[in-house]
1. If the requirement is being within 23 Å of SER120 (Cβ to Cβ) and among the acidic types (Asp, Glu), which of these qualifies: GLU284, GLU307, GLU268?
2. Can you pull out the residues in the stretch 261-278 that are under 13 Å from LEU218 (Cβ atoms) and at pLDDT below 90?
3. Go through the residues of the stretch 221-243 one by one and say whether even a single one is closer than 17 Å to ARG40 by Cβ and either at pLDDT below 90 or surrounded by 12 or more Cβ atoms within 10 Å (Cβ to Cβ) (or both).
4. Taking the options GLY295, GLY290, GLY310, name whichever one is out of contact with any strand residue (DSSP E or B) (no Cβ under 6 Å at 6 or more places or on another chain), farther than 17 Å from GLY43 by Cβ and outside any loop (DSSP other than H, G, I, E, B).
5. Quick one: LEU109 ticks every box in (1) of a type in the set (A, V, I, L, M); (2) in contact with a Lys or Arg (Cβ under 8 Å, 6 or more places away or on another chain); (3) at pLDDT 85 or above except a single one, so which number is it?
Amino acid sequence: MLPTPALDLAPLYRRCVLRSPARVASHALMARELCAHDLRWRGGAADTALFKLQSPQLELYGLRYGAAVEIDSVPFDDFALVHLVLRGHTEIEVDGRMLGLRAGQAAVLAPRRRVRLRCSAGAERLILKLPGALLRSHAGAQDLAPLQGWSAPLNAQWTLLLQGLLGALDMGEQADAGWLDHYERTLALFVQAHRGPAALLGIEPAEADSDGARLAALQRHMRAHLAEPLSLAALAAAAGLGLRSLNLLCHRTLGMAPMAVLRQLRLEAARSRLLADPELSVTEVALGCGFAHLGRFAAYYRQRYGELPGRRSGRG
């Protein structure tokens, strides 16, 4: 397996767009730069940092959140995003398919799809925004798969291409227009040439036991048994881990304990049900989502959404 080359990100880090501990300001800027989305903070300081370089047709971002976050984007239109994880762990889910990415691994997100990302505390990503017109400019261009990962050799090649783009953009006004056009077209051609289902390209056998796979199994089990009294032992078994390893996995990837992860999923399910059907009683929803103590449910709900469950204003 080819090692992923180290990136020299100094050209990007010299173009800081935002450094902020403020959650609201961080969220607003990300929505303007990339696409509209809901952002949920999973504990820890926001400590957001955003860097940006731009060519005539491409936008390249470096993004870091200090806290673990969960992001739900609305379907974006006429551009694709390529996420390369620089640090930490990022889990991406599109149309029921899920990829867990570690440092040095990349994934392509196609347009017109709802996307959910879960990033561990301190995770950092390099995000390339590719316009649809550029992707369609090649003979034989086809639609991209909803979510596509790459094998280790392709991740390494992608990293080398990005390094070339970084060097060209670092020239600023002195950059050669023809050279930039070459990189733009080469990056778009690479994405088109290596399109395909994630199951074929992105996940190697050795990665089956990765953090992402274990976390996905754990959360599938949680969602399937929300109303049941789940024990730590049952959660550890679902993830294929011991109790200590389960705790380390959840803290490393999501910044919280396993039972806190379960509580967040239960709250999200309750929120969705309450907003979807105003006729449902709060008690019925709470019990159906695994909250046996109604007072604690109301307190958790208010802490998470800033209102009591009976109000149902729809604020996120």
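1. None of the other options fit; the residue is GLU268.
2. Pass one, the stretch 261-278, residues under 13 Å from LEU218 (Cβ atoms): 261-262, 264-265.
Of everything in the stretch 261-278, those that are under 13 Å from LEU218 (Cβ atoms) and at pLDDT below 90 turn out to be VAL261, GLN264, LEU265.
3. The answer is yes; a qualifying residue exists.
4. Step by step, each of GLY295, GLY290, GLY310 is checked, and only GLY295 is out of contact with any strand residue (DSSP E or B) (no Cβ under 6 Å at 6 or more places or on another chain), farther than 17 Å from GLY43 by Cβ and outside any loop (DSSP other than H, G, I, E, B).
5. (2)
Residue-wise test of (1) assigned to a strand (DSSP E or B); (2) open to solvent by less than 10 Å² (accessible area, probe 1.4 Å).
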position: LYS52; (1), (2): yes, no
position: LEU60; (1), (2): yes, yes
position: GLU91; (1), (2): yes, yes
position: MET98; (1), (2): yes, no
position: ALA103; (1), (2): no, no
position: ARG118; (1), (2): yes, yes
position: ALA121; (1), (2): no, no
position: LEU130; (1), (2): yes, yes
position: LEU134; (1), (2): no, yes
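The values are calculated or read from the model by the stated rules, or taken from the named source; none is laboratory data. The shown structure was predicted, so the numbers you read here are calculated from the model rather than taken from an experiment. Counting neighbours? That spans all protein chains shown, and the Cβs are built from the backbone with ideal geometry, glycine included. These accessible areas exclude ligands, DNA and RNA; they are computed on the full protein's heavy atoms, side chains included. Shrake-Rupley method; radii C 1.70, N 1.55, O 1.52, S 1.80 Å.
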